[in-house]
Amino acid sequence: MDFFDFHHHKKNIRYGIYNLDIEKTPPDFYFSAGIHPQNIQPENIDSQFNWLQSVINENCFAIGECGLDSIVSVDMKIQKDVFLRQIQLANELKKPLIIHCVRKFYEVISFRKKSEQAMIIHGFNKKQSIADDLLKNNFYLSFGKAVLYHLSLQDTLKTVPLDKLFLETDNDDFNIEELYQKVSEIKEISIERLQQQIVENLETIKNG
Ligand SMILES: [Zn+2]
């Protein structure tokens, strides 16, 4: 069995979800497409949504990355509008949402009830209390490279239910097999069991 990479930016990885850059043409394998907070152009937002609508096909597994980011310069009110529009689109299309969040977790949680679809926080590397609040609100958490060296994150991972978990390489250059190995040790399960669980989780979020 292969190692599913839930969120990545590398065209050579075929078993995973490739994050399509804005205004690009979709590949012929699983991808996600969305308007990342840092790419929002308020004056062009309708044409950005036209692009998004135009690339959605059966290979489009999820809408995203989308979300809220306190560091980018785009006004937070506009970020929230664009996020909500993408949640509504995901509801219409019955696709899960891959969420990018920087220091706006409580605002993102406040949007949870707007979504009828699964919401997955990608690249989760924050503290236990944030993980607890996200899990309580039925978010999924996708973990990346930080798990390999971040000890308190490893402790947090211990508490994350297996059926709420995904693994990803994102922009980082490392072999995802290493991450599966580490997580199987932390969770005290076999790699095969972990692979199987991730496949089941994908089925679950795909079916809303
Ligand atoms: Zn990414």
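The values are calculated or read from the model by the stated rules, or taken from the named source; none is laboratory data. Keep in mind it's a predicted model, so treat the numbers as computed, not measured. All Cβ positions, glycine included, derive from the backbone under ideal geometry; neighbour counts span all protein chains shown. Side chains are part of the model used for accessible areas, which takes the heavy atoms of the whole protein and leaves out ligands, DNA and RNA. Shrake-Rupley method; radii C 1.70, N 1.55, O 1.52, S 1.80 Å.
At-a-glance table
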| quantity | calculated |
| --- | --- |
| Vicinal HN-Hα couplings computed from phi for the range 30-47 (Karplus, 6.51 cos²θ - 1.76 cosθ + 1.60; Hz; Gly/Pro x) | 4, 8, 10, 9, x, 10, 5, x, 6, 9, 5, 10, x, 6, 10, 5, 5, 6 |
| Residues whose placed amide H lies under 5 Å from that of K10, excluding near-sequence neighbours | N19 |
| Mean residue ellipticity (222 nm) of the chain, computed from DSSP H runs ≥ 4 via -39,500 (n - 2.57), nearest 500 | -12000 deg cm²/dmol |
| Built amide H within the under 5 Å cut-off of D5, gap 5+ | G16, I17 |
| Alpha-carbon gyration tensor eigenvalues x 5, square-rooted, for the range 1-61, Å | 24, 12, 8 |
| The chain - percent of accessible surface contributed by carbon and sulfur, probe 1.4 Å | 45 |
| 24 Å Cα-Cα threshold exceeded, pairs from K164/K206; K104/K182; K80/K182; K127/K182 | K104/K182; K80/K182 |
| Angle in degrees between helix 76-93 and the longest Cα principal axis of the chain, rounded to the nearest 10 | 80 |
| Rounded, prolate or oblate (a/c below 1.5 giving rounded, otherwise prolate when a/b exceeds b/c) for the chain by Cα gyration tensor | prolate |
| Length added when fully stretched, N57-D28, from 0.36 nm per residue minus Cα-Cα | 9.5 nm |
| Listed residue (F31, F49, L134) projecting farthest to the positive dipole end of the chain, Cβ model | L134 |
| Accessible area of the range 5-206 divided out per residue, in Å², using a probe of 1.4 angstrom | 46 |
| Contact order normalised by residue count of the chain, Cα under 8 Å, 6+ apart, percent | 19 |
| Amide H contacts under 5 Å for D69, placed H, 5+ residues apart | V102 |
| Fully extended contour minus Cα-Cα distance, from R103 to N50, at 0.36 nm per residue | 16.2 nm |
| Gain upon complete extension [K11, T159; 0.36 nm per residue less C-alpha separation] | 50.0 nm |
| Unit charges on C-beta of K, R, D, E only; dipole of the chain, Debye | 560 |
| The range 1-80: relative contact order in percent, alpha carbon pairs under 8 Å with at least 6 residues between | 27 |
| Whole-Å distance, taken between Cα centres, linking the range 68-91 and the range 106-159 | 19 |
